[in-house]
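Below you'll find the structure, written out as structure tokens, and then a few comments.
The values are calculated or read from the model by the stated rules, or taken from the named source; none is laboratory data. Computed from a prediction, not measured in an experiment: that's the story for all the values here. Every residue, glycine among them, receives a Cβ derived from its backbone with ideal geometry; neighbour counts consider all protein chains shown. Note: accessible area is taken over every heavy atom of the protein model, side chains too, but ligands, DNA and RNA are not part of it. Shrake-Rupley method; radii C 1.70, N 1.55, O 1.52, S 1.80 Å.
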Amino acid sequence: MDNVSKDKTEHRNPFFLKYNTPHETVPFNEIRLEDYEEAFAEGIRRDNEQLDKIINNPEKPTFDNTLVTKEDDDGYYGLLGKVSTVFFNLLSAETNDEMDALAQKIQPMLTKHANDMMLNEKLFERVKYVHRYHRKLTSEEKQLLENSYQSFVRSGALLDEAGKERLRKLTEEASMLSLQFSQNLLKENKAFILHLTDEKELDGLPETAREAAAMAAKERGKEGWVVTLDYPSFGPFMTYSTRRDLREKLYMARNSVCIHDNDENNIEVCKRLVNLRREVAQLLGYNTYADYVLKRRMAGNTRNVYRLLNQLIDAYKPAAEKEHDELERLARRTEGKNFEMMPWDKGFYSHKLQMKKYNLDSEMLRPYFELSRVIEGVFGLANKLYGITFREKNDIPVYHPDVKAYEVFDRDGSFLAVFYADFHPRKGKQGGAWMTEYQGQFIDRKGENIRPHVSVVMNLTKPTDEKPALLTLDEVETFLHEFGHSLHGIFANSRFESLSGTNVLWDFVELPSQFMENFSVEKEFLSTFAFHYKTGEAIPDELIDRIVKSRNFMAAMACMRQVSLGLLDMAYYTKRDEFDEDIIQFERKAWAKAVVSKKRHKLETCMTVQFSHIMAGGYAAGYYSYKWAEVLDADAFNVFKKHGIFNRETAQSFRDNILSRGGTEHPMTLYKRFRGGEPTIDALLRRNGIKTSRVGRRNKK
């Protein structure tokens, strides 16, 4: 007891101290739960103190004493940003009941504080004055000024007092509901397990899936095997299991989360979020939330978004219908002419069709994609393209044993960044994959280039007692995708943190990530790291050839899936009137134009209630961004294919003109500087084997 008391007395909140760690990385091992609340409260107090200094400055407002001062205090030098970054990153990657409860307490405080800042009339008056009267500015300074001014306007600075009060209530409620949405989804996904005790129930599963299921059961203190809704567990079961009844059970579990009659039901949460966002937009003078969002996007307006989605439907849907018909024919030849293929059958028969056409499946490739080798391959790719190197640094603190920390060095040996990689699913971790930062890049008041600390968080196949982590090709692609985001952060080279790295218009942010996915089926890349984890044998050329030939397998159906989600997103956020429809029925109508098979319409499933991107992930009225950026990434990779995929001159141009520039200029300006012109959809159509040029011509008008 004495030792515990002594420990409590001596503990100092690490957020109040300079981090005594390599590169001043977050000392995760020193942070206690109670440190967060204390640091949040003090951070808000310091912010308010600094605000008073800015607005009460007797000097005439200038870019430097108003905009630059606020920018610096909001970022690296601000305690609130410091603690918020750590807390909310861990809330997604390593949460628990105590963290969730604290988030419910902290979120309204932060929303109120943000509103207090953005609705402060004196501060806005200074910004407005600088917006009108300012010294000669660099292009980056102009961008910061315009972004700052627009942020105030779009946050309600021009509203009257009644409007501001209404906006406060709407945004505070929306922030709490977004948090509730995420917490409900995590709880529902982690609550379900398919517990199997009869080995016959494993029929069809490959050895890797059986071993993973056995380990999952062991971790939970159960006999037999456990299948979860985490994709490394869910995906192989849906692909290989011959037990159709169990595939149905698992499919329905995953696709009906958060619609059950319990505390985690998200239906009313989603309805309210849609309405809150519509009300915010209309309060600010827009017809719909999509109009509000797209005002600050490359797309510009809903017309351009729908034009892209409709172009993709025109080009891809006929091919998708042919793919689906081919799948159904195979299923009926296998099961009988009266067999009705359902959604839980598609993965199973897709695998059979892929084997028939290409003699290829993910299990054949796993032995060549051992995680440590994949890491070497991905890092090696960055070295070939940009000359950078990664060195694991074991004395950088991490928040979980699964996380690895690296130092990143430039071609000339100078320090570039800290890179964290968090690979595997676990109880307190959201599903999916994402990139984030613990420190953004900027140039400080003394002229020092503060380098970023970036992190990629994924849910890749875990190692078992018998085998190391052996990945699928899809998982290698996921790694490359998130690594592309991280390069956007690592190469950041801006004066201002709010313009550096991934702080770009939302429909441009996926370009660097989707660009990197292209390498996953390139023979020259695969041959650099794909060696058998037991024998060391290089992946055979003949197997790589099959990978390359199969790259467009079911590509049209995959495109229609993405387009359907884009249509659903737009349907919600182009609503002008109050939304109070049946969500399941609304979904079916919203994406009907892109749906290839209507079988799912018979089921009590719901995407909206688990669609984190548009409900809690920042992609509301923005999910089309993935397809928008795919047009860019296909066009950009075409340049690499022309000059060689490892061509350093091309890579340097991509780094200099796009990756290092962040949001310092309009994205199309940056892209044209790299490409020499605007992109067309042609490269995407060619890459996916869609035989038409009409859409490309129409896109040029």
Exercise for the section: Determine whether Arg277 is buried (at least 19 other Cβ atoms within 10 Å of the Cβ), under 30 Å from Lys575 (Cα atoms) and touching a residue at least 60 places away in the same chain (Cβ under 8 Å). Expected result: yes
Completion exercise
Taking the range 653-692 and keeping residues modelled with pLDDT of 95 or more and aliphatic (A, V, I, L, M) leaves Ile658, Leu659, Met668, Leu670
Fill in the blank from the handout: Residue hits (the range 115-129; open to solvent by less than 50 Å² (accessible area, probe 1.4 Å) and either under 13 Å from Ser84 (Cα atoms) or in contact (Cβ under 8 Å) with a residue 40 or more places away in the chain (or both)) are Asn115, Asp116, Met117, Leu119, Asn120, Leu123, Arg126, Val127
Handout entry: Among the residues listed as Ala331, Ala320, the single one being in contact (Cβ under 8 Å) with a residue 60 or more places away in the chain and either part of a helix (DSSP H, G or I) or under 23 Å from Pro679 (Cβ atoms) (or both)
Key = Ala320
Exercise for the section: Take the range 221-261 and flag every residue that is among the charged types (D, E, K, R), closer than 25 Å to Ser612 by Cβ and either open to solvent by 30 Å² or more (accessible area, probe 1.4 Å) or in contact with a Pro (Cβ under 6 Å, 6 or more places away or on another chain) (or both). Expected result: Asp230, Glu248, Lys249, Arg254, Asp261
Completion exercise
A careful count of residues in the range 149-166 that are part of a helix (DSSP H, G or I), within 28 Å of Ala103 (Cβ to Cβ) and either within 28 Å of the chain's Cα centre (by Cα) or small (Gly, Ala, Ser) (or both) gives 3
Exercise for the section: For residues that are acidic (Asp, Glu) and either surrounded by 22 or more Cβ atoms within 10 Å (Cβ to Cβ) or modelled with pLDDT of 95 or more (or both), tally how many sit in the range 449-477. Expected result: 3
Problem - Conditions (1) over 23 Å from Leu90 (Cβ atoms); (2) outside any helix (DSSP H, G or I); (3) open to solvent by less than 10 Å² (accessible area, probe 1.4 Å): number failed by Val374 - result: (2)
Exercise for the section: Please list, ordered by first then second residue, the pairs with beta carbon atoms under 8 Å, 6 or more apart or interchain, first in the range 30-54 and touching a residue at least 60 places away in the same chain (Cβ under 8 Å), second part of a helix (DSSP H, G or I) and open to solvent by 90 Å² or more (accessible area, probe 1.4 Å). Expected result: Leu33/Glu98; Glu37/Lys105
Fill in the blank from the handout: (1) outside any loop (DSSP other than H, G, I, E, B); (2) at positive phi all hold for Lys218 apart from (2)
Exercise for the section: Assess whether Ala592 counts as being free of Cβ contacts under 8 Å to residues at least 24 places away in the same chain and touching a helix residue (DSSP H, G or I) at 6+ places or on another chain (Cβ under 6 Å). Expected result: no
Handout entry: Sole residue being hydrophobic (A, V, I, L, M, F, W, C), open to solvent by 40 Å² or more (accessible area, probe 1.4 Å) and either modelled with pLDDT under 95 or within 29 Å of Val521 (Cβ to Cβ) (or both), chosen from Ala636, Ala558
Key = Ala558
Problem - Any chance Ala530 is open to solvent by 10 Å² or more (accessible area, probe 1.4 Å) and either of a type outside the set (Val, Ile, Thr) or within 25 Å of the chain's Cα centre (by Cα) (or both) - result: no
Fill in the blank from the handout: Pairing a residue in the range 607-628 that is within 15 Å of Lys271 (Cβ to Cβ) with any residue that is open to solvent by 10 Å² or more (accessible area, probe 1.4 Å) and of a type in the set (Phe, Trp, Tyr), where Cβ atoms lie under 6 Å and the two sit 6 or more apart in sequence or on different chains, gives Ile614/Tyr623
Practice task
State which residue is least open to solvent (accessible area, probe 1.4 Å) when the search covers only the range 566-608 and only residues that are in a loop (DSSP other than H, G, I, E, B) and β-branched (Val, Ile, Thr).
Solution key: Thr605
Problem - Pair list, Cβ < 6 Å and 6+ apart or interchain, from the range 165-181 residues that are over 12 Å from Cys270 (Cα atoms) to residues that are open to solvent by 40 Å² or more (accessible area, probe 1.4 Å) - result: Leu167/Leu283; Leu170/Glu279; Glu172/Pro108
Exercise for the section: Only one of these is assigned to a helix (DSSP H, G or I), of a type in the set (Val, Ile, Thr) and modelled with pLDDT of 95 or more: Val257, Val269. Name it. Expected result: Val269
Exercise for the section: Would you mention how many residues in the range 361-371 are open to solvent by less than 30 Å² (accessible area, probe 1.4 Å) and modelled with pLDDT under 95? Expected result: 1
Problem - Residue, most open to solvent (accessible area, probe 1.4 Å), within the range 478-518, restricted to residues that are among the polar types (S, T, N, Q) and out of contact with any strand residue (DSSP E or B) (no Cβ under 8 Å at 6 or more places or on another chain) - result: Asn503
Exercise for the section: Please give the number of the condition Ile396 fails out of (1) more than 27 Å from Pro425 (Cα to Cα); (2) touching a His at 6+ places or on another chain (Cβ under 8 Å). Expected result: (1)
Problem - Complete set of residues in the range 90-112 that are under 18 Å from the mean Cα position of the chain (by Cα) and either among the hydrophobic types (A, V, I, L, M, F, W, C) or more than 19 Å from Lys190 (Cβ to Cβ) (or both) - result: Leu90, Leu91, Ala93
Practice task
Could you tell me which residue of the range 182-211 is nearest to Cys270 (Cα to Cα), considering only residues that are out of contact with any strand residue (DSSP E or B) (no Cβ under 9 Å at 6 or more places or on another chain) and small (Gly, Ala, Ser)?
Solution key: Ser182
Exercise for the section: Grab the strands (runs of 3 or more DSSP E) fully contained in the range 383-427, keeping just those with 2 or more residues being of a type in the set (A, V, I, L, M), in contact with an Asp or Glu (Cβ under 6 Å, 6 or more places away or on another chain) and in contact (Cβ under 8 Å) with a residue 40 or more places away in the chain. Expected result: none
Completion exercise
Taking the range 437-464 and keeping only residues that are in contact with a His (Cβ under 9 Å, 6 or more places away or on another chain) and not hydrophobic (A, V, I, L, M, F, W, C), one is left with Glu437, Tyr438, Gln439, Gly440, Arg451, His453, Asn459, Thr461, Lys462, Pro463
